[in-house]
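Below you'll find the structure, written out as structure tokens, and then a few comments.
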């Protein structure tokens, strides 16, 4: 067992467990907390995959911005606990059965039609692919138009959020 | 150097940095009280030890012996988690800040930084963005309206000022062409520090640092006359002490960041031309870093006892209508410097 | 390249995606449903980064960058809609928001 495998097991087990806990808690704040934990573990996995820029962006964008927004909304609205969680066990059972079925299918596909078992690259090129230089070059040359479009999307979202959430003054 | 040697050296470095940080933080509280006394023409703590020098230890002892009170409608787990997050964020950020050039010790080439990461500045920004959680959780979990108001105010403030902070840092990164703190320090050797090249960015970063550390004039989250004590109204004993420690540790980190990004890190102008022995040069450089940091910390306290608190709308107006456009302007200026002036 | 087979990452990604789907199906609180969607987006990100890293090609990570941008925009708009909903109906239960149903 080397360090990489230990870290992978640690991060993946915490990520999977926190995802399950997230969907089964009645209190939305606790759910949000476990989702943050899940995102932090994903950032750790990205570091294991040599994707350092994405790992840090994951923390800044998801944990630092999006989840704070969620927490804000939960705290300000103070919604009642989700009591429907206990009721309707039939729907719950059906959903879980369907989910497990699809998951089994996915696992079957992943293991028996191994996606790119032949395409293994060197560690060096994997490390290079995750550096900020490579990603920046790709974004500002080949993908510059999608990048600009994403900028306009964010602007539109900011204006839209203001218009939607603003109090109506009569 | 094999992997175990690296791990042991890093652990020693972490231990040293951690101890120094804790000691400095406790003495900062002492100096804060002394400087406030100086500013208000009082004497300040002078009973415990020589001129009150043992006051920090007495304070810690007092806080340790106090009863830990958790309010009835508090959410227990989150209430405990909040100070832990605050401390974690405060102490891990220092890992990437270099305090001096490489030194040779017992045949090893040792870098004076716990982790030399080549996305170091992004790491700092990521951790500071996590700092919002501590305050938000503290405010929410206490189950008191003052705490909640303080927590919400403070997270809105921190998110707003993070933007101008990020844009000011972008100017520095553009000039250095790297995210590695070492490269940023080396890019401003001599006297051409970033504070000289981009004064506007320096000012916006400085002001944002005040807002991020919740120091006066921006200490709206704990504005005593309005909110009793803000997000840590319902905290006592060591949990309160953790918030206190985290606040002062954040101050040290912002100071160290300002020194690294804008004041040339450990660089002492024209030190090379004196022809000193190498070990003396390194010692002077480390002392230079500490002196710059001490000056920034003194400035933080000086401002605290000189300027009154902002009103909340003034704070938000300043953040969004003044600091944000100024930091954008600075970015344009740096782009012009990089394109046309710098060879 | 690494000692961990690519399949492990993909299975983790699939597991998180399915957890998100089950969450959307069994939960009725609009905010939690929304968080489940974020979870699904993240599991897709994980497989993109995995492929990108195992192929030594940074395009996958560029995609993740765009996904994050879109997720941020989506969170802002979605939460604004949730606030407007709560203001009008005083509930976050998506079963009770059926005024557009015929």
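Every read-out reported here was derived from the displayed coordinates using simple, explicitly stated rules and does not represent laboratory data. Since we're looking at a predicted model, the values are computed, not measured. Heads up, the Cβs are rebuilt from the backbone with ideal geometry, glycines too, and the neighbour counts pull from every protein chain shown.
Quick notes
- Most mobile of A:45, A:155, A:77 in a GNM of chain A (Cα contacts under 10 Å): A:155
- Residues in the range B:15-32 that a label on residue B:46 would reach, taking backbone N under 16 Å of a point 7 Å out along Cα→Cβ: B:31
- As a proxy for reagent exposure, A:20, B:334 were ordered by neighbouring Cβ count within 10 angstrom, fewest first; the result is A:20, B:334.
- With neighbours defined as other Cβ atoms within 10 Å of a residue's Cβ, the residues B:147, B:75, B:36 order from fewest to most as B:36, B:75, B:147.
- Going from the residue with the fewest nearby Cβ atoms within 10 Å to the one with the most, A:108, A:46, B:312, B:248 rank A:108, B:312, B:248, A:46.
- Here the label points at residue B:57 and residue B:290, each 7 Å from Cα along the C-beta direction, are separated by 2.0 nm in the simple model.
- Distance from the C-alpha centroid of the range B:286-343 to that of the range A:28-45: 33 Å, rounded to the whole angstrom.
- Sorting B:269-278, A:89-98, B:55-64, B:236-245 by average packing, meaning the other beta carbons within 10 Å per residue, from highest down gives B:236-245, B:55-64, A:89-98, B:269-278.
- Calculated [θ] (222 nm, deg cm²/dmol) that DSSP helices of n ≥ 4 give over chain B, each run adding -39,500 (n - 2.57): -21500 deg cm²/dmol
- Per-residue average of Cβ from other chains inside 10 Å of B:110-119: 1
- Reported to the nearest whole Å, the Cα centre-to-centre distance from the range B:44-109 to the range B:202-222 is 20.
- Note on A:42-52: average number of Cβ atoms from other chains within 10 Å of each residue's Cβ is 6.
- Distance (nanometres) between label positions extended 7 Å along Cα→Cβ at residue A:152 and residue C:89: 3.3
- Averaged over peptide A:33-41, the number of partner chain Cβ atoms lying within 10 Å of each residue's Cβ comes to 3.
- Among A:47-56, A:10-19, the order from most to least packed when residues are scored by Cβ within 10 Å on average: A:47-56, A:10-19
- Residue ranges B:130-138, B:173-181 sort as B:130-138, B:173-181 when ordered by packing (mean number of other C-beta atoms within 10 Å per residue, highest first).
- FRET E, pair residue A:128, residue B:298, Förster distance 41 Å, beta-carbon r, rounded to 0.05: 0.35
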